[in-house]
Amino acid sequence: MRPMTTSTPLDHLHAAVSGIVTTPADAGYDAARAAWNLAADQRPAAVVHAAGTADLVATVRAAAALGLRVAPQATGHGAACLGPLDDAILLRTDDLRGVAVDLDAQTVRVQAGAQWADVVAASAPHGLAPLAGSAGDVGVVGFHLGGGLSFLSRLHGVAARHLVGGTVVLADGTLHTVDADSPELLWALRGGGGTAVVAELEFALHRVPELSTGQLFWPIERAGEVLRAWRDWAEKAPREITTSARFLRFPADPAVPEPLRGGAFFVVDGAFAGEAAEAEAALAPLRALTPAIDLFGPAEITSLVELHMDPPAPVPAASAHTLLRELPDDLIERLDALAGVESGSALVAVELRQLGGALATGDPEHGAIDGIDAPFLLFAVGLAGGPVPLEVTEPQLRAVLGAAAPYGAGTFPNFAEGPGADAPRPAAVAGRLARLRGEHDPDGLLIAAHA
């Protein structure tokens, strides 16, 4: 804790917490407020870097006393969804990264700032895998609050389905244990966004005796052909395999391996949870398309947060997405025109994620998100600064969404980008969440993405 040089109303906040408090008057404010998505220009009234659960409680209480709101944040991957924060305290949890695996229960308990790389590193030596996001630096809490899609999801469903409990701070500043004895709060944690400030989460791990992961690369000239074949294959593939198919452009960066550097490809990547021989059989129709590079094979559990080749460091990014009720030939042709070899696209990726399997089944009584009623998810992303300005990226994102609009089936919270970007939830789910928030946060103290 560092004292302020002059007396301000925020002195109360400095006195209340043991972690570092940064305000716009402090030299470190820009660094403290920065999100993983560097295009998100967060300007809160203050930033608290929590040093422990007590700081989460103290910050909520201090905010109420100061007439401010609270925006919890671990990494800031979805920061653009929060909207203006000038009347809020940004409660950073990124220093709270504890992970404890319970081998008997086959569960893991994580602190608010834990990232997927932390969880995988703790569980993999025991042959156990979480339903992790595609990048190791994604925050575990926000991932679950937004539903959670994994490269094991066609086998096990959304990650939120497997939450078993946690510890939260409610808007009145009280600490609550969430478990089967508090079914409404547990239901909300399973994909319901920000009903409370999460201090810890506990969720199931999954035994993975054998795993195959990797990528298949084709020249981008073949994108349309391969995408059609992938679509047909995806609709019949066993649920043990979960893949994505992407128009992908690599930067001319020395950190990128030489065969890929500065190149444009069509890529299928993913994971098969099961015996290597079964993985080979599942992949055979894709390999019959003679990929130029084949990196798919037996792998360790740790590869689950590496195989998608997401950026290893924060970048300024803009994205758009939609669930798809179908992926017809005319949409494939349009996507090829917008992102393929002759498109001149500046987008980094235009991607289709394979859904179905266990994702297609769910019980709305079990969680706010317990399944996805769509066979594919379309996601497009580009830079929003640096060599590609937002003025170039945004029209291309709109064009991709426009092409998909006739086949859209809503959105998925984890992929939302921007205030109000979440699709309306089913009426019963929305009403239940509204009642919970009215009960636990009647004054709207808490700000969260995917609310």
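The values are calculated or read from the model by the stated rules, or taken from the named source; none is laboratory data. The shown structure was predicted, so the numbers you read here are calculated from the model rather than taken from an experiment. Here the Cβ is made from the backbone with ideal geometry for all residues, glycine too, and neighbour counts use every protein chain on show. Only protein heavy atoms, including side chains, enter the accessible area calculation; ligands, DNA and RNA are left aside. Shrake-Rupley method; radii C 1.70, N 1.55, O 1.52, S 1.80 Å.
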query = Measuring from label point to label point, each 7 Å out along Cα→Cβ, what is the Asp232 to Asp87 span in nm?
reply = 5.7
request  = Report the full-extension gain for the segment Ala427 to Ala405: residue separation times 0.36 nm, less the Cα-Cα distance, to one decimal in nm.
outcome  = 5.7 nm
ask   = Considering only the other residues whose Cβ falls under 14 Å of the Cβ of Ala171, what net charge follows from Lys and Arg at +1 and Asp and Glu at -1?
value = -1
query = Do any GluC sites (Glu not before Pro) in the range 340-419 lie in a loop, going by DSSP, with at most 11 other beta-carbon atoms within 10 Å of their beta carbon, and if so which?
reply = Glu342, Glu365
request  = Pop out the ³J(HN,Hα) list for the range 81-92 in order, Karplus 6.51 cos²θ - 1.76 cosθ + 1.60 with θ = phi - 60°, rounded to Hz; leave Gly and Pro as x.
outcome  = 6, 6, x, x, 10, 5, 10, 9, 9, 7, 9, 7
inquiry  = Could you tell me the calculated FRET efficiency between Ala105 and Val392, based on Cβ-Cβ distance and R0 = 45 angstrom, to the nearest 0.05?
reply    = 0.35
ask   = Under a 5 Å amide H to amide H cut-off, with H placed in plane at 1.01 Å, what residues pair with Ile20 once short-range neighbours are removed?
value = His49
task = Two decimals is fine: what is log10 I(q)/I(0) at q = 0.13, 0.21 Å⁻¹ for the range 5-151, from a Debye sum with one equal scatterer on every Cα and no solvent?
result = -0.61, -1.26
query = Residues of the range 198-233 with amide nitrogen under 20 Å from the 7 Å Cα-to-Cβ point of Thr361?
reply = 204-208
request  = Might you work out the accessible area of Trp36 for me, using a 1.4 Å probe with all protein chains in place, and round it to the nearest 10 Å²?
outcome  = 40
request  = Pop the C-beta distance of Asp95 and Glu300 into the FRET formula with R0 = 25 Å and round what comes out to the nearest 0.05.
outcome  = 0.35
ask   = Put a dot 7 Å past each Cα toward the Cβ at Ser182 and Ala252; how far apart are the dots in nm?
value = 5.5
task = Take the solvent-accessible surface of the protein heavy atoms, probe 1.4 Å, and return the percent of it on the range 126-167 that carbon and sulfur atoms account for.
result = 66
message = Largest first and in whole Å, what are the equivalent-ellipsoid semi-axes of the range 141-184 based on the Cα gyration tensor, each being the root of 5 times an eigenvalue?
response = 25, 12, 6
key: Accessible area of the range 178-314 belonging to carbon and sulfur atoms, whole % at 1.4 Å probe   = 55
task = Could you state how much accessible area Asp102 has, in square angstrom rounded to the nearest 10, with a 1.4 Å probe and all protein chains kept in place?
result = 70
ask   = Mind checking the dipole of the range 1-156: about its Cα centre, +1 per Lys or Arg Cβ, -1 per Asp or Glu Cβ, Debye to the nearest 20?
value = 180
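In Å², what does the accessible area per residue of the chain work out to with a 1.4 Å probe?
Accessible surface, normalised per residue, equals 39 Å².
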query = Candidates [x] 103, 52, 37; [y] 68, 66, 51; [z] 68, 49, 41; which is the computed Cα extents along the principal axes in Å?
reply = [z]
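So for the range 298-355, what are the equivalent ellipsoid semi-axes in whole Å, largest first, each being the square root of 5 times an eigenvalue of the Cα gyration tensor? Please report the intermediate quantities before stating the final value.
Working: eigenvalues 126, 61, 28 Å².
Output for the range 298-355: semi-axes of 25, 17, 12 Å.
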task = Enumerate the amide H contacts of Val348 below 5 Å, restricted to partners 5 or more residues apart or on another chain; note that Pro and chain-start residues carry no placed amide H.
result = Val381, Gly382, Leu383
key: Probe 1.4 Å, all protein chains present, accessible-area order of Phe415, Phe247, largest first   = Phe415, Phe247
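Could you work out the local net charge near Ala245, counting Lys and Arg as +1, Asp and Glu as -1, over the other residues with Cβ closer than 11 Å to its Cβ?
Taking every other residue near Ala245 into account, the sum is +2.
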ask   = Carbon and sulfur atoms: what percent of the 1.4 Å accessible area of the range 334-433 do they account for?
value = 59
query = Taking Cα centroids, how far is the range 45-60 from the range 226-305 in Å?
reply = 42
